[in-house]
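What follows is one structure encoded as structure tokens, with my remarks underneath.
The values are calculated or read from the model by the stated rules, or taken from the named source; none is laboratory data. Just so it is clear, the model here is predicted, and its values are computed rather than measured. All Cβ positions, even for glycine, are placed from backbone atoms using ideal geometry, and neighbour counts span all protein chains on display. Calculation scope for accessible area: heavy atoms of the full protein, side chains included, ligands and nucleic acids excluded. Shrake-Rupley method; radii C 1.70, N 1.55, O 1.52, S 1.80 Å.
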Amino acid sequence: MPQQTPAAIGPILTRELGLSRTELGLLTSAIWGGMLLGMLPSGMLADRFGERRVIAVGATLLGLVLLVAAQASALAWLFGLLLLAAFGSSSASPGGTKAIASWFPPYQRGLAMGIRQMGVTAAGVIASVLLPPIAVAAHWPAAFRTVAAIVLGVTLIFALVYREAAPRPTHTPRAGGGAFWLLFRNRTFVFGTAYAWVFMGALGSAVTYLGVAMHQEVGVSAIVAGYLLAVLQVGGIAGRIGWGLLSDRVGRRAPAMLACGLLTLAVCAVMAFVRGSVPLALVGLLAFLLGLAAMGWNALYLTLVSDQVPVHSAATAIGAGLTISFSGMFIATPIFGLIADRSGGYELSWLALAAWALLGTLLGIGIRER
């Protein structure tokens, strides 16, 4: 939910804090940047001490810092606090991926990972529907406090209920520093991570700017913009489960990843011409398809990487891959907003994102799965 909060209340944040489009993108980038910094150490700690403790400690830090961030009155303070909060939340991706890899065999892992990653987009749906009315009625800090309370409550439930899987017998030596660097000699890891680097940028741009763009270009209200963001997230839910199930049936992740790339390219090209009196149903359909593609690939990448390594080193491998791929979001998201600021609209931003998706799809062709 914290990942989605700036986007969900974007129109309110920009008005109450006087933010430009670029500055709104920087707030989202602070969240992804903090996660980038924490992914690899969190993964290594999860492999060493277990995912339950690492996730619980990180998520508690996240909730507490969000409560402090709700007091911020300037962009610089809010940026720094979101960076720190996201460092705590970074434990969830490598730790959660290790949990799935530990509990499920490869032939079920794509669907299981899709259901787990559905949690991210389901939280986005909740944020998009719940937070804009709260922010409109009680200003943006109330939305941050609401998210912090939910985070701390869910973290307590997780810490009390979750149990780690018993280690499976293996003859593979435990990963050390040399094994870590061997990841970068694995063609599937390298091209898969390059693909993820590009599409993390596409995901961040879509989540951050869809609602604001439709608010400014089509003229929908801030609350309707939140509903469109919710539709985007519903598309992401369908994509993460659907693409994961398809990849299990096919026995490979790359074909579904390439399909996501081509669909993202097509939808972004169409979005460039959405403005004025466009039927809301059409905008909703495009939002769903954008979520299906630009968000649906994520679980496929996590499954692809976990398929390549032993379970006991899965969190480290995921941490390494996400550390690299998250930098794509940190870079691409503000650039999307900068193009919109400089051009006075979103047409060139969407066309640039379509070209960006083409680059990622070409990189995905290089994936060779064992």
Filter result (within 12 Å of Ala202 (Cα to Cα) and either buried (at least 19 other Cβ atoms within 10 Å of the Cβ) or touching an Asp or Glu at 6+ places or on another chain (Cβ under 9 Å) (or both)) within segment 342-351: Ser349, Trp350
So how many residues does segment 232-286 have that are over 29 Å from Ser306 (Cα atoms), assigned to a helix (DSSP H, G or I) and among the hydrophobic types (A, V, I, L, M, F, W, C)? 12
Boolean, Gly291 is within 25 Å of Asn186 (Cβ to Cβ), in a helix (DSSP H, G or I) and out of contact with any strand residue (DSSP E or B) (no Cβ under 9 Å at 6 or more places or on another chain): no
Meets criteria (under 28 Å from Gly364 (Cβ atoms), surrounded by fewer than 20 Cβ atoms within 10 Å (Cβ to Cβ) and not small (Gly, Ala, Ser)) for Leu228: no
Looking at Ile324, Ile318, Ile339, which one is in a helix (DSSP H, G or I), touching a Ser or Thr at 6+ places or on another chain (Cβ under 7 Å) and more than 30 Å from Leu40 (Cβ to Cβ)? Ile339
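The rows are residues; the columns are (1) under 18 Å from Leu300 (Cα atoms); (2) at pLDDT below 90; (3) of a type in the set (Ser, Thr, Tyr).
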position	(1), (2), (3)
Ala179	no, yes, no
Arg187	yes, yes, no
Met200	yes, no, no
Val207	no, yes, no
Val224	no, yes, no
Ala230	no, yes, no
Gly239	yes, no, no
Arg252	yes, yes, no
Val278	no, yes, no
Residues within segment 4-40 that are part of a loop (DSSP other than H, G, I, E, B) and over 28 Å from Gly321 (Cβ atoms), tallied: 5
Candidate set: segment 37-62, residues that are without any contact (Cβ under 8 Å) to a residue 60 or more places away in the chain and basic (Lys, Arg); chosen: the one nearest to Ala85 (Cα to Cα): Arg53
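This table checks each residue for (1) of a type outside the set (S, T, N, Q); (2) modelled with pLDDT of 85 or more; (3) farther than 27 Å from Val234 by Cβ.
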site	(1), (2), (3)
Leu67	yes, yes, yes
Leu81	yes, yes, yes
Ala112	yes, yes, no
Gly124	yes, no, no
Trp140	yes, yes, no
Ala149	yes, yes, no
Segment 321-341, residues that are of a type in the set (S, T, N, Q) and open to solvent by less than 10 Å² (accessible area, probe 1.4 Å): Ser325, Thr333
For segment 343-370, name all the residues that are without any contact (Cβ under 8 Å) to a residue 24 or more places away in the chain and not in a helix (DSSP H, G or I). Gly344
Close pairs from segment 304-328: first of a type in the set (D, E, K, R), partner in a helix (DSSP H, G or I), Cβ under 6 Å, at least 6 apart: Asp307/Pro106
